[in-house]
Amino acid sequence: MSTNDTKCPVNQTKMTLERFYSDESKNGMCSKCHPCKLGIYDAIRILDAIQTGKGEKHHIPLLRRIARNVKDGSMCKKGKDHGDILYEFLVFHAEDLCRHAKGICDDYECKSLVTYTVNAEQCTMCGKCQEACPSSAVEGQKMELYRTGFTPFRIRQKRCTHCGECLAVCPDSAVLISGDAAGKVPGKERRTIPEPKPAYAHSDECVEASV
Ligand code: SF4
Ligand code: SF4
Ligand code: SF4
């Protein structure tokens, strides 16, 4: 996946920093100065933790401090530019970052923050999701003629790796996707990922914590 393929600003920023960090060409980091090398590395690790549902309250002010250190302590334009990228992300996407820290990815891209469930009312028990699931995370019995008492289809969350295969194959839009790890955001019927973000209330608390 390239940065052009992702809509999630957290993912986009992490990928940009990762590319700079690991690029061995003249466009990448040369590792000569510590604020750039360590700061970018730490920022990647923190963004990764936030994307995998391990975001903590102190992460946001820490990212702010790292952005300043990279910008001020870098000895070349490349380093300063990447400090700016991180800083601008914190300014312009404060709300997105805060939502991620709470376990919600509105673009349905951060796999660990997405929950898949089966809508029993819409499920026709065709079994396609079960056949497609690479992790044996789908339970249920396929509908067969002349048989009664079927176990309904459901997704075992502990086994689910959030790959999205069940969503792609379900012919009846019965697999729902939620943009949060806890499944508290109402699930949506979807065939593809992603779609435009839902509007959400602006939170001053998040913005103040971010920048
Ligand atoms: S700021 Fe420039 S010189 Fe320093 S490590 Fe980064 S890329 Fe190299
Ligand atoms: S998202 Fe992937 S792992 Fe999870 S139930 Fe669907 S197919 Fe299985
Ligand atoms: S593919 Fe859809 S309709 Fe078929 S069993 Fe799975 S959830 Fe139900």
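The values are calculated or read from the model by the stated rules, or taken from the named source; none is laboratory data. Every value quoted in this text rests on a predicted model; they were computed, and no experiment measured them. When we count neighbours, we look across all protein chains shown, and the Cβ atoms used for this are built from the backbone with ideal geometry, even at glycine.
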Checklist entry - What number of residues within region 73-84 satisfy the criterion of being surrounded by 20 or more Cβ atoms within 10 Å (Cβ to Cβ) and either within 13 Å of the chain's Cα centre (by Cα) or closer than 21 Å to Ser2 by Cβ (or both)? => result 1
Item to check | Hey, Lys142 assigned to a loop (DSSP other than H, G, I, E, B), among the basic types (Lys, Arg) and within 16 Å of ligand 3 (Cβ to nearest atom) or not | outcome: yes
Item to check | Single residue of region 127-158 satisfying the filter (among the charged types (D, E, K, R) and loosely packed, with under 12 Cβ neighbours inside 10 Å) that is farthest from Thr6 (Cα to Cα) | outcome: Arg147
Checklist entry - Can Ser31 be described as within 8 Å of ligand 1 (Cβ to nearest atom) and of a type in the set (Gly, Ala, Ser)? => result yes
Checklist outcome for this item: Filtering region 24-55 for residues that are surrounded by 13 or more Cβ atoms within 10 Å (Cβ to Cβ) and either in a loop (DSSP other than H, G, I, E, B) or in contact (Cβ under 8 Å) with a residue 40 or more places away in the chain (or both) leaves a count of 15
Next on the checklist: Quick test for you: out of Thr115, Thr192, Thr161, Thr124, pick the one residue that is under 23 Å from Ser2 (Cβ atoms), among the β-branched types (Val, Ile, Thr) and either in contact with a Cys (Cβ under 7 Å, 6 or more places away or on another chain) or modelled with pLDDT of 90 or more (or both).
Outcome noted: Thr161
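When you go through Glu95, Glu88 one by one, which is the residue that is more than 16 Å from ligand 1 (Cβ to nearest atom), part of a helix (DSSP H, G or I) and at pLDDT 95 or above?
When all the criteria are applied, what remains is Glu88.
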Checklist entry - Looking only at region 4-23, which residues are in a loop (DSSP other than H, G, I, E, B) and under 23 Å from His162 (Cα atoms)? => result Thr6, Lys7, Cys8
